[in-house]
Amino acid sequence: MSGDEHTETGTGWPDQPDPLPAKGTAGEPDPDELSRLVPEVDPEPAAADESRLDRAAGRPFSSALALVGGWRRTSPATVMIFVLLALLGFTLVEQLRTTSTDPTISAARQEDLVRILYDLNAREDRLRQDIAALEDSQRQLRSGEQGRQAALEEAARRADELGILAGTLPAQGPGLVVRFESGGAGAISAMRVLDAVQELRGAGAEAMQISGADGVTVRVIASTYFLDGEEGSLFVDGRLLTGPYTITVIGDPATMRTALNIPGGVVATVDGDGGTVIVEDREVTEVSALHAPIELEHARPIT
């Protein structure tokens, strides 16, 4: 065989010769070959990691800026709502804390708590009624024509009351008819009639008149005076009346009857003088006599 011997492989082809050793020092691998085996490191990911770290480090500041920006974009109404809600929550918590720690309430008996609750409910009902009445008056006064009409009606009602008290208007209503009879020689004095008028006024009489046997009738008001006349007659506001005398009065019949019949009162005194007092209840009593209006000379209303 020649110098270039071939090894028989049994395939008909000669065996490939062994590769020549790599360049460089004998037995050491080629640096280029090693470089192909070590994976290359991309410099970009490191830069990306540093960028992510920078962003992570600055995230709290960015979040704070975003929050401030959000509050700047929030409307004043929303801010006010949040403030009111916070105050309401604080008030509720404080109320619950105060109530739970109140030694008076916690130490009270069940009966005391029931009484306190009843008083609070009653006070609430009264306040609600007062509020309703005030609101109704306010609506009437502010409702234009309705308010003026209500004011006129109130003024007319007040004028009627003053007219009845002053004796310038007739009146009718439940009351009494009180008849004074002398009983023979005994006379009904002016003092006895004045006592009866005072007792009736004290018992709530609202309108009154006195009549004599001759048909003369005089309206009795606050300034009415009584004087004794001749032969048992009376002068009432300067007008002469003869007996028997009849007082017609409007008011609560039961109250006025009780006032006349008290021990030592008008009925007992007249009976002691020999006279008689007859009291009759009336469902409808008319006081028709009128008193001339009094013209004031000196008094003036304060404005």
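Remarks
- Filtered by the rule that a residue be closer than 19 Å to GLU181 by Cβ and assigned to a loop (DSSP other than H, G, I, E, B), the stretch 255-300 gives ASN261, GLY265, ASP273, GLY274, GLY275.
- Qualifying residue in the stretch 129-143 (condition: closer than 16 Å to THR248 by Cβ and either modelled with pLDDT of 90 or more or of a type in the set (A, V, I, L, M, F, W, C) (or both)): no
- Restricting attention to the stretch 161-181, the residues that are among the polar types (S, T, N, Q) and either exposed (fewer than 15 other Cβ atoms within 10 Å of the Cβ) or in contact with a Ser or Thr (Cβ under 8 Å, 6 or more places away or on another chain) (or both) add up to 1.
- Selected residue (criterion: farthest from the chain's Cα centre (by Cα)) from residues of the stretch 207-223 that are assigned to a loop (DSSP other than H, G, I, E, B) and within 11 Å of THR246 (Cα to Cα): ALA213
- Apart from one condition, VAL178 fits all of (1) free of Cβ contacts under 8 Å to residues at least 40 places away in the same chain; (2) not in a helix (DSSP H, G or I); the exception is (1).
The values are calculated or read from the model by the stated rules, or taken from the named source; none is laboratory data. Quick caveat: nothing in here was measured; it's all calculated off a predicted structure. As a convention, Cβ positions derive from the backbone with ideal geometry for all residues, glycine included, and neighbour counts pool all protein chains shown.
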